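Visitor: Structure in structure tokens, see below.
The values are calculated or read from the model by the stated rules, or taken from the named source; none is laboratory data. For clarity, every value in this text was computed on a predicted model and none was experimentally measured. Virtual Cβ from ideal backbone geometry, glycine too; neighbours counted across all protein chains shown. Protein only, heavy atoms only, side chains kept; ligands, DNA and RNA dropped before computing areas. Shrake-Rupley method; radii C 1.70, N 1.55, O 1.52, S 1.80 Å.
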Amino acid sequence: MLRFSILGSLSILTSVGPADVPGQLQRTLLQTLLSSEGQVVSVGRLAEEMWQDTGPENQSNALQAHVSRLRRRLRELEPERSSSRVTIHPSGYRLSLADGELDATEFVRTVRLVESASPYDPARAARLLADALARWRGPVFGGCSGGPLCQLAAARYDEYRMRAMELRFDAELRLGRHAAIRAELTEAHSNHALRERFCEQLMIALYCSGRQADALAIFRRMRRHLDDELGIQPSPALRQVESAILSHNPVLAVGGRLLSHLHAA
């Protein structure tokens with residue numbers, strides 16, 4: 001069994017330790033097949049990922065040669081496997097993946113599990129999401145996201161990462177751990193200044209830490225930033241958090257519950 005990681009630079013873990021796939025084109029080919037999560041990728045799309053507009057004259061033959069090299073390399077890494085991991089189909093190529101073999105798939109599965117959990121257990125949610133977020137070692141594919149398919153995959157996984165952070169912060173706030181996550185929330189809000197959910201969460205964490213004035217100052221800066229950058233006003237959910245702080249609404253004592261209610265409405 002191999003374990004593939006793309007939440008960071010591409011890496012492979014075998015039963016005896018880490019391994020690699022030599023050559024940039026080979027890595028791009030593997031990245032593209034991995035990001036498709038077991039779905040067939042057409043010859044044209046694979047060629048576009050690997051060469052963009054500068055490919056060889058006979059891209060189909062060149063791609064076949066690279067696929068053969070990749071199949072041979074993967075077979076070297078798991079000699080006990082009875083069939084090739086990369087299979088040929090009329091419409092393209094497919095990389096077989098079992099449960100637990102791709103970190104990105106496991107990460108997305110955890111986020112969806114927490115989102116759909118009933119009844120909701122904030123302690124379990126916080127633990128699961130902290131473990132899932134720890135899988136990230138850097139930008140998807142190490143920042144080398146290649147062509148359109150890999151770029152779309154990287155954007156999708158990044159969005160799931162943001163969602164996981166939001167859900168974890170909600171759970172931590174509901175558990176009363178506002179002080180423990182305040183620094184992380186400040187960093188998240190700074191790095192993603194137009195993402196209102198982080199602003200809402202930071203405002204609640206500050207308010208619950210006895211810093212009402214700072215929480216309201218964050219709201220005013222966010223309002224100016226949204227107006228300057230996008231020409232829009234804060235969302236109803238963000239305005240309701242401001243209103244709850246101004247009125248010292250007791251529901252802020254369980255801030256994560258307030259946020260879940262606002263975003264479920």
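Visitor: What shape does the range 89-194 take by its C-alpha gyration tensor, where a ≥ b ≥ c are the square roots of the eigenvalues and a/c under 1.5 counts as rounded, a/b above b/c as prolate, and the rest as oblate?
Guide: It comes out oblate by the Cα gyration axes.
Visitor: Using only Cα atoms, what is the ratio of the radius of gyration of the chain to 2.2 N^0.38 Å?
Guide: 1.23
Visitor: When the chain is fully extended, how far beyond the present Cα-Cα distance does Q233 get from C144, taking 0.36 nm per residue of separation?
Guide: 28.5 nm
Visitor: Can you give me the relative contact order of the chain as a percent, contacts being Cα pairs under 8 Å and 6 or more apart?
Guide: 18 percent
Visitor: Please give the Cα centre distance for the range 220-254 versus the range 1-56, rounded to the nearest Å.
Guide: 43 Å
Visitor: Rounded to a whole number, what % of the accessible area of the chain do carbon and sulfur atoms account for, probe 1.4 Å?
Guide: Carbon and sulfur atoms account for 49 percent of the accessible area of the chain.
Visitor: Can you order the peptides 210-223, 156-169 by their average number of other Cβ atoms within 10 Å per residue, highest first?
Guide: Listed from highest to lowest mean packing, they are 156-169, 210-223.
Visitor: Let me ask another. Looking only at A205, A130, A104, which one moves most when the chain is put into a Gaussian network model with springs between Cα atoms under 10 Å?
Guide: So, out of A205, A130, A104, the one fluctuating most is A130.
Visitor: Counting only heavy atoms of the protein chains, get the accessible area per residue of the chain (1.4 Å probe) and round it to a whole Å² value.
Guide: Normalised by residue count, the accessible surface of the chain is 50 Å².
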